[in-house]
Amino acid sequence: MRLLVPVDTFGVEPEEGAPAPDRVISGDPRFRTWNVEEAEGGLYSGLWEASPGKWRIEYDEWEFCHILSGRSVISGDDGETRTVAAGDAFVIRPGFKGTWEVLETTRKEYVIKA
């Protein structure tokens, strides 16, 4: 078992995905996810990329995000809206509900604690 794991796409096949059809608001967003760590207790980390589109999000888990490229708008049902771009880092807490809109293909590093 490796104890120092790089977070990159080298040698890791991405999982392809998309939001559930009933959550899509506009566009045809597609995801690619490179999971590099899945640890006991519900801890995950890796890279995620999404193509343009807008969909509903609901978080049951805690997630740290660091945007590597692209531009997205995250809007909460509470009215708070934030545009995120390369270099931005933030935490989404459990219970967050709203929308994620990818304006330019967005890639992020993430750590999720379920």
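Could you pull out the residue among P29, P94, P6 that is within 22 Å of A114 (Cβ to Cβ) and in a loop (DSSP other than H, G, I, E, B)? So that I can check it myself, show each step before the final result.
Values: P29 fails: within 22 Å of A114 (Cβ to Cβ); P6 fails: within 22 Å of A114 (Cβ to Cβ).
Result: P94 is the single residue among P29, P94, P6 that is within 22 Å of A114 (Cβ to Cβ) and in a loop (DSSP other than H, G, I, E, B).
Evaluate segment 62-74: report whether one residue or more is modelled with pLDDT under 95 and open to solvent by 60 Å² or more (accessible area, probe 1.4 Å).
Narrowing segment 62-74 to residues modelled with pLDDT under 95: none.
Looking for residues that are modelled with pLDDT under 95 and open to solvent by 60 Å² or more (accessible area, probe 1.4 Å), one finds none in segment 62-74, hence no.
Go through segment 4-46 and give me each residue that's within 20 Å of Y59 (Cα to Cα), within 16 Å of the chain's Cα centre (by Cα) and among the β-branched types (V, I, T).
Hits for segment 4-46 are V24, T33.
Please go through segment 86-114 and pick out each residue that is modelled with pLDDT of 95 or more and touching a Leu at 6+ places or on another chain (Cβ under 9 Å). Let's see the steps before the verdict.
Our first condition is that a residue be modelled with pLDDT of 95 or more; within segment 86-114, this holds for 86-113.
Answer for segment 86-114, where residues must be modelled with pLDDT of 95 or more and touching a Leu at 6+ places or on another chain (Cβ under 9 Å): A86, G87, T106, R107, K108, E109, Y110, V111, I112, K113.
Quick one: would you say E15 is acidic (D, E), touching a strand residue (DSSP E or B) at 6+ places or on another chain (Cβ under 7 Å) and open to solvent by 60 Å² or more (accessible area, probe 1.4 Å)?
Values: acidic (D, E): yes; touching a strand residue (DSSP E or B) at 6+ places or on another chain (Cβ under 7 Å): yes; open to solvent by 60 Å² or more (accessible area, probe 1.4 Å): yes.
Yes: the conditions hold for E15.
Residues in segment 39-47: is at least one open to solvent by 40 Å² or more (accessible area, probe 1.4 Å), within 19 Å of I112 (Cα to Cα) and of a type in the set (S, T, Y)?
Looking for residues that are open to solvent by 40 Å² or more (accessible area, probe 1.4 Å), within 19 Å of I112 (Cα to Cα) and of a type in the set (S, T, Y), one finds at least one in segment 39-47, hence yes.
The values are calculated or read from the model by the stated rules, or taken from the named source; none is laboratory data. Since we're looking at a predicted model, the values are computed, not measured. Here the Cβ is made from the backbone with ideal geometry for all residues, glycine too, and neighbour counts use every protein chain on show. These accessible areas exclude ligands, DNA and RNA; they are computed on the full protein's heavy atoms, side chains included. Shrake-Rupley method; radii C 1.70, N 1.55, O 1.52, S 1.80 Å.
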